[in-house]
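Single-structure report; data block below.
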Amino acid sequence: MKPLVIRSALVASVGGLIFGFDTAVISGTTEQLKAYFDLSDAYLGWAVGMALLGTITGALTAGKPADRFGRKPVLFVIGILYLVGALGSAFATNIVMLEIFRFLGGLGVGAASVCAPIYTAEIAPAKVRGRLVGLVQFNIVLGILLAYLSNTIVRAVVANHETDWRWMFGVMAVPSVIFLLMLFTVPETPRWLMANGRTEQGRAVIARLTMNDEEARGQVAEIESSLSAAANAPSVPFFTRQHVKVILLAFTIAMFNQMSGINAILYYAPVVMERAGASTDAAFMMSVAVGFMNLIATMTALTVIDKIGRRSLMIVGSIGYLISLGFLSGLMFYYERVRGGEFTSTSSVLVLIGLLVFIAAHAFGQGSVIWVFISEIFPNRIRGRGQSLGSLTHWVFAWLTSTFFPPVIAALGGGVAFAIFFVFMLGQLIWVLRVMPETKGVPLEEMEAKLGLTHDPNDSSDPLAAKGH
């Protein structure tokens, strides 16, 4: 593998690492922000959710600029958004200013969720593409762990705990600057160059990325074939009767992904453990343990996803969800209702055990399956729009759960909050057992037949297709 391939993949993966870091860094700041800006539980949820509103906006809007101006220029903009969001959040003087800069950072996260995997997939030779695209997902999880570690170190080093949240946000400027500097050392993707009439430049980049002339010719032929197949894709209607099944599959798996409570728990892990009786410093250390478990379970799942299949991982993950969420809900009910809110160090350790099982279940199941599954079920002609639908659904429900978790847990208690997630995960297990198809080992070209999507595009019996919707 050429050094340029490795360097290019690392650049995109650093974008993914910052994505994960930005997602989890808020977890160490919520209680300080609440006290510093005198926020209610409901307003805290809104302030935390602002970054996710930015993420939704970024995911919705990044595709067209990336197609028009190139993948690399958009990655530059993403790096600038990361940097501005980090520094602006660190120096915010009021809550509105903080919300604005968190929104800008969220824009970068949403755009990165679209552009980083595209850049890696288009820059990598076919034989190593899967591993290098997987590197982005790995680095998102690594970024979450690093955010927990960073928050814990800042908490230990900075004497003033009323304002250490500024350092927690500001630390993200460091990887953002590294990301921007590394971008100067990598090329635009050959697929984008060839798609925009810059064929010779595209061929020259391919020559730098491949090991020999034969590999280079193969990659050129692959890109030309892909561009030809995609030429008529925009004219293919998306919301048709034949596509209802895959649209509902994508929507459902993305909705269940967030209704597990994963983002709410990632954002508020230290708060949950403090509520369960841990000291503030112990809660930060416990969140690091959650991050390590997330990384280990993700790595394990990625090694077996093509061996035991997507449904098997989802079944194991769903059962793990039910065990952990049922345990956490029952535990919180016991201490909140029976013990009158008298939590102890023992209760905090039990909550940590429940959270570790929960995060392992998520990383091994939903966390590893969702984007692979969505990328496989849609036909070539609508795959891009299908990915966008899945991403939009995912981030909308992430915003809902993260925004409403603080007021729900404050008003109704942790037992009710975890019970709500438990009910949704019971629904997910039923969905996996009765509805979800297995996509392991099915060539993309055969997926339509397996899912019953094969149809005549000129069939007038489909009123939606006939009207061009």
When you count, for each residue, the other Cβ atoms within 10 Å and take the mean per peptide, how do 264-271, 431-438, 14-21, 307-314 rank with the highest first? 14-21, 264-271, 307-314, 431-438
With a sphere of radius 14 Å drawn around the Cβ of Gly106, what net charge do the other residues whose Cβ falls strictly inside it have (Lys, Arg +1; Asp, Glu -1)? -1
Given charges at beta-carbon only (K, R positive; D, E negative), |dipole| of the stretch 197-334 in Debye: 460 debye
Summing -39500 (n - 2.57) over the DSSP H runs of n ≥ 4 in the chain and dividing by its residue number, what mean residue ellipticity at 222 nm do you reach, to the nearest 500 deg cm²/dmol? -26000 deg cm²/dmol
How many nm is it between the label spots at Leu227 and Val316, if each spot is 7 Å from the Cα in line with the beta carbon? 4.2 nm
Karplus 3J(HN,Hα) series, Hz, for the stretch 64-77 with 6.51 cos²θ - 1.76 cosθ + 1.60 (x for Gly, Pro): 5, x, 5, 6, 7, 9, x, 5, 5, x, 5, 5, 4, 4
If every Lys and Arg gets +1 and every Asp and Glu gets -1 at its Cβ, then about the Cα centre the chain yields a dipole, in debye to the nearest 20, of 540 debye
For the Cα atoms of the chain, what angle does the longest principal axis make with the long axis of helix 199-209, in degrees from 0 to 90, nearest 10? 60 degrees
Choose one of Ser89, Leu149, Phe138: the residue whose Cα lies farthest towards the positive end of the charge dipole of the stretch 1-186 (beta-carbon charges +1 Lys, Arg; -1 Asp, Glu; about the Cα centre). Phe138
Between Phe69 and Val416, what is 0.36 nm times their sequence separation minus the Cα-Cα distance? Round to one decimal in nm. 120.1 nm
Plugging the Cβ-Cβ distance of Ile353 and Arg217 into 1/(1 + (r/R0)^6) at R0 = 51 Å yields, to the nearest 0.05, a FRET efficiency of 0.40
At q = 0.06, 0.09, 0.11 Å⁻¹, work out log10 I(q)/I(0) for the chain with the Debye formula, treating every Cα as an identical point scatterer and leaving solvent out; two decimals please. -0.27, -0.61, -0.90
For the stretch 1-186, how many pairs of lysine residues have a Cα-Cα distance under 26 Å, where the two are 8 or more positions apart or belong to different chains? 4
Segment His161-Val96, extension gain: residue separation times 0.36 nm, minus the distance between their alpha carbons: 21.3 nm
Quick check: pseudo-label points 7 Å beyond the Cα along Cα→Cβ at Arg434 and Asp38, how many nm apart are they? 5.2 nm
I'd like to know which of Leu266, Phe405, Leu433 lies farthest towards the positive end of the charge dipole of the stretch 234-469, counting +1 on Cβ of Lys and Arg and -1 on Cβ of Asp and Glu. Leu433
Out of Leu193, Gln219, Leu209 - ranked by how far each Cα lies towards the positive end of the dipole of the stretch 190-232, with unit charges on the beta-carbon of charged residues - the top one is Leu193
Rounded to the nearest 0.05, what FRET efficiency is calculated for Thr61 and Phe239 with R0 set to 22 Å and r the Cβ-Cβ distance? 0.60
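Taken together, the values in this text are just the output of simple stated rules run on the coordinates, not laboratory data. These numbers come from a predicted model, not from an experiment. No Cβ is skipped: glycine too gets one built from the backbone with ideal geometry, and neighbour counts run over all protein chains shown.
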